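The values are calculated or read from the model by the stated rules, or taken from the named source; none is laboratory data. Values in this document were obtained by computation on a predicted structure and should not be read as measured data. So basically every Cβ, Gly included, is an ideal-geometry build from the backbone, and we count neighbours across all protein chains shown.
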């Protein structure tokens with residue numbers, strides 16, 4: 001049995017499969033929430049690294065943030081695609 005990777009260490013293709021599976025199981029909102037929480041933690045860590053002037057950690061954390069932002073965007077697109085027409089959020 002293959003061990004499942006955490007969403008933040010998956011490739012784009014692996015994440016798309018994970019997100020599609022979550023959508024099919026009705027768990028896409030949970031996945032989006034988990035990504036958002038992880039993103040908040042990385043952003044807080046980035047601020048700490050900037051205060052400490054830890055430039056290597058800053059670069060690594062920025063890459064992780066970009067990766068998670070891309071995954072969050074993909075998951076949000078999948079969530080929007082599953083909404084029935086006329087069920088658009090009100091602005």
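Residue-level analysis places residue 34 outside the set of residues that are modelled with pLDDT under 90 and within 22 Å of residue 14 (Cβ to Cβ).
For beta carbons closer than 7 Å, sequence separation of 6+ or different chains, a first residue in the stretch 2-20 that is farther than 11 Å from residue 74 by Cβ and a second that is surrounded by 12 or more Cβ atoms within 10 Å (Cβ to Cβ) and modelled with pLDDT under 75, the qualifying pairs are 14/5.
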